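Asks: Would you mind keeping the following structure in view while I ask a few things?
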Amino acid sequence: MTDLLPLGMLAELTHRCPLACPYCSNPVELDRRSDELDTATWLRIFEEAAELGVLQLHLSGGEPTARSDIVELTRGAAKAGLYTNLITSGVGLTKQRLEALAEAGLDHVQLSWQDTDPVVADKIAGLEGAHRWKHETARAVVELGLPLTINVVIHRLNIARIADMIVAACRTGARRIEVAHTQYYGWGLANRAALLPTQEQVEAAHAAVAQIRRELEPSILIDYVAPDHFSRFPKPCMNGWGRQSLNVTPRGKVLPCHAAESIRGLTFWTVHDHSLREIWHDSPAFNAFRGTDWMKEPCRSCPRKHIDFGGCRCQAFAWTGDAANTDPACELSPYHGALRDAVAGPRTNELIYRRFSQPKPVLQD
Ligand code: SF4
Ligand code: FES
């Protein structure tokens, strides 16, 4: 039993998506449509989440609007008292559907962009015309008066235009832009050699963001998530395992983080067998890395352990085979040298697209 309460829940309504981004945060093994939870089950989960203390619900995917019941789900979440955020590619979303979502109580839209260069944007998305559609969706969201956040994932192919993307987002009327470097697990890890920028590119990007912040803030809020492969210490991933949020997969597994299924050996309880309250408090996966008792050295005796919680469990597992090890992004990790070698290593132009039919990529060196 923990005293902690979750503030947010990510509802991965489906893994279906019109795009095929090679840094997708979905697991490499995607859930099929036939496995997805039905409407009544999602509505029950939203009620349970609100009772548990969740305030913010992120309706995500894949592409959440690929669900034909997205308006009904949004209405149910709003009725449960949750603040609803739609995380969307914007592709396939019409103005009429957005109006219906707003009328159902949608509070906020988070729209992904790939680039300001339309050719590169469509190449990364794996879909011709995606860039144009996203701009139309941004316009429709702002016209409806819904608050808009634009988020961009940064990598080697778009990092040179990081400032352009922030300026372009500001011009749409977005209130916030989240610019986050690729996270290297799952699909991102499979594509690391294609997506990883160079040290020089990262330093130039940091300087560009600092400059554009001076010019544009506070007319737009700029959230910049720096890449931990180029830092001395890791990020406090998830703000600590099992501390603030939970994630429900399309088939109903409840995870402490969206990539947790990449850690072999963890057992995840499902909404079919347990209530969200039981899962949050008692499930083995949520308790596996809560607090600091599970830590090994060097984290165990490190003064930063309550700041970064030892970094990312998924990244630790991907690089070391043991999720209880120190995140190799930390310079104190014995595996840090391998990560730095990868940063200095060769690059490729080959992208492995996230698709259901894609042959399973190799995830470890
Ligand atoms: Fe963080 Fe562990 Fe590194 Fe200390 S040793 S900085 S707690 S990851
Ligand atoms: Fe899973 Fe960091 S992505 S803990």
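Asks: Could you say which residue among Val91, Val152, Val167, Val109 is farther than 28 Å from Glu47 by Cα and out of contact with any Asp or Glu (no Cβ under 8 Å at 6 or more places or on another chain)? Can you show your working first?
Replies: Working: Val91 fails: out of contact with any Asp or Glu (no Cβ under 8 Å at 6 or more places or on another chain); Val152 fails: out of contact with any Asp or Glu (no Cβ under 8 Å at 6 or more places or on another chain); Val109 fails: farther than 28 Å from Glu47 by Cα.
Criteria check complete, one pass: Val167.
Asks: Which of the residues that make up the stretch 31-46 are within 10 Å of Arg251 (Cα to Cα) and crowded, with 20+ Cβ neighbours inside 10 Å?
Replies: Asp31, Glu36, Leu37
Asks: Taking the conditions exactly as written (within 28 Å of Ala40 (Cα to Cα) and of a type in the set (A, V, I, L, M, F, W, C)), does Val343 satisfy them or not?
Replies: Values: within 28 Å of Ala40 (Cα to Cα): no; of a type in the set (A, V, I, L, M, F, W, C): yes.
So Val343 fails the test.
Asks: Would you say Ile307 is of a type in the set (A, V, I, L, M, F, W, C), loosely packed, with under 14 Cβ neighbours inside 10 Å and closer than 19 Å to Asp228 by Cβ?
Replies: yes
Asks: Evaluate the stretch 242-259: report whether one residue or more is in contact with a His (Cβ under 7 Å, 6 or more places away or on another chain) and more than 16 Å from ligand 2 (Cβ to nearest atom). Give the steps one after another, and end with the answer.
Replies: Taking the stretch 242-259 as the starting set, the residues that turn out to be in contact with a His (Cβ under 7 Å, 6 or more places away or on another chain) are 247, 250, 252.
Those left that are additionally more than 16 Å from ligand 2 (Cβ to nearest atom): 250, 252.
So far as the stretch 242-259 goes, yes, one or more of its residues are in contact with a His (Cβ under 7 Å, 6 or more places away or on another chain) and more than 16 Å from ligand 2 (Cβ to nearest atom).
Okay, residues lined up against (1) in contact with a Ser or Thr (Cβ under 8 Å, 6 or more places away or on another chain); (2) among the polar types (S, T, N, Q); (3) without any contact (Cβ under 8 Å) to a residue 60 or more places away in the chain:
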site: Arg139; (1), (2), (3): yes, no, yes
site: Leu144; (1), (2), (3): no, no, yes
site: Ile150; (1), (2), (3): yes, no, yes
site: His155; (1), (2), (3): yes, no, no
site: Asp164; (1), (2), (3): yes, no, yes
site: Arg171; (1), (2), (3): no, no, yes
site: Tyr184; (1), (2), (3): no, no, no
site: Glu203; (1), (2), (3): no, no, yes
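Asks: Of (1) of a type in the set (Asp, Glu); (2) within 26 Å of Asn239 (Cβ to Cβ); (3) at pLDDT 95 or above, Asp69 satisfies all except one. Which?
Replies: Asp69 satisfies every listed condition except (2).
Asks: Another one. Working only within the stretch 1-22, note down all residues that are of a type in the set (Ser, Thr, Tyr) and at pLDDT below 95.
Replies: Thr2 - this is the single residue of the stretch 1-22 that is of a type in the set (Ser, Thr, Tyr) and at pLDDT below 95.
Asks: Mind listing just one residue for me: the one in the stretch 267-295 that is in contact (Cβ under 8 Å) with a residue 24 or more places away in the chain, within 16 Å of ligand 2 (Cβ to nearest atom) and not aromatic (Phe, Trp, Tyr) and, of those, farthest from Ile45 (Cα to Cα)?
Replies: It comes out as Met295.
Asks: To continue, here is another question. From Ala323, Ala288, Ala259, Ala316, which residue is closer than 30 Å to Asp38 by Cβ and crowded, with 23+ Cβ neighbours inside 10 Å?
Replies: Exactly one of Ala323, Ala288, Ala259, Ala316 is closer than 30 Å to Asp38 by Cβ and crowded, with 23+ Cβ neighbours inside 10 Å, namely Ala259.
Asks: Among all residue pairs at least 6 apart or on different chains, which show Cβ distances below 8 Å where the first residue, located in the stretch 43-54, is aromatic (Phe, Trp, Tyr) and the second is at pLDDT 95 or above?
Replies: So the pair list comes out as Phe46/Ala11; Phe46/Leu57; Phe46/Leu73; Phe46/Gly76; Phe46/Ala77; Phe46/Ala80; Phe46/Leu82.
Asks: State which residue pairs qualify: first residue at positive phi and inside the stretch 298-320, second residue among the small types (Gly, Ala, Ser) and more than 9 Å from ligand 1 (Cβ to nearest atom) in any location, beta carbons under 6 Å apart, and separation of 6 or more residues or different chains.
Replies: Phe309/Gly240
Asks: Quick one: Arg340 ticks every box in (1) closer than 28 Å to Asn191 by Cβ; (2) within 16 Å of ligand 2 (Cβ to nearest atom) except a single one, so which number is it?
Replies: Among (1) closer than 28 Å to Asn191 by Cβ; (2) within 16 Å of ligand 2 (Cβ to nearest atom), the lone unmet condition for Arg340 is (2).
Asks: Okay, moving on. State the number of residues belonging to the stretch 301-336 that are under 13 Å from Tyr184 (Cβ atoms), more than 10 Å from ligand 2 (Cβ to nearest atom) and touching a Ser or Thr at 6+ places or on another chain (Cβ under 8 Å).
Replies: Residues flagged as under 13 Å from Tyr184 (Cβ atoms), more than 10 Å from ligand 2 (Cβ to nearest atom) and touching a Ser or Thr at 6+ places or on another chain (Cβ under 8 Å) within the stretch 301-336 amount to 2.
Asks: List the helices (runs of 4 or more DSSP H) that sit entirely inside the stretch 276-365 and contain at least 2 residues that are in contact with an Asp or Glu (Cβ under 9 Å, 6 or more places away or on another chain) and within 11 Å of ligand 1 (Cβ to nearest atom).
Replies: Once the helices (runs of 4 or more DSSP H) in the stretch 276-365 are filtered for at least 2 residues that are in contact with an Asp or Glu (Cβ under 9 Å, 6 or more places away or on another chain) and within 11 Å of ligand 1 (Cβ to nearest atom), what remains is 313-320.
Asks: Search the stretch 29-41 for residues that are outside any helix (DSSP H, G or I) and pair each with any residue that is among the polar types (S, T, N, Q) when their beta-carbon atoms are under 7 Å apart and the residues are at least 6 apart or on different chains.
Replies: Asp31/Thr249; Glu36/Thr14
The values are calculated or read from the model by the stated rules, or taken from the named source; none is laboratory data. What you see is a predicted model; the values in this text were computed from it and never measured. Note that we place each Cβ from the backbone using ideal geometry, even for glycine, and neighbour counts take in every protein chain shown.
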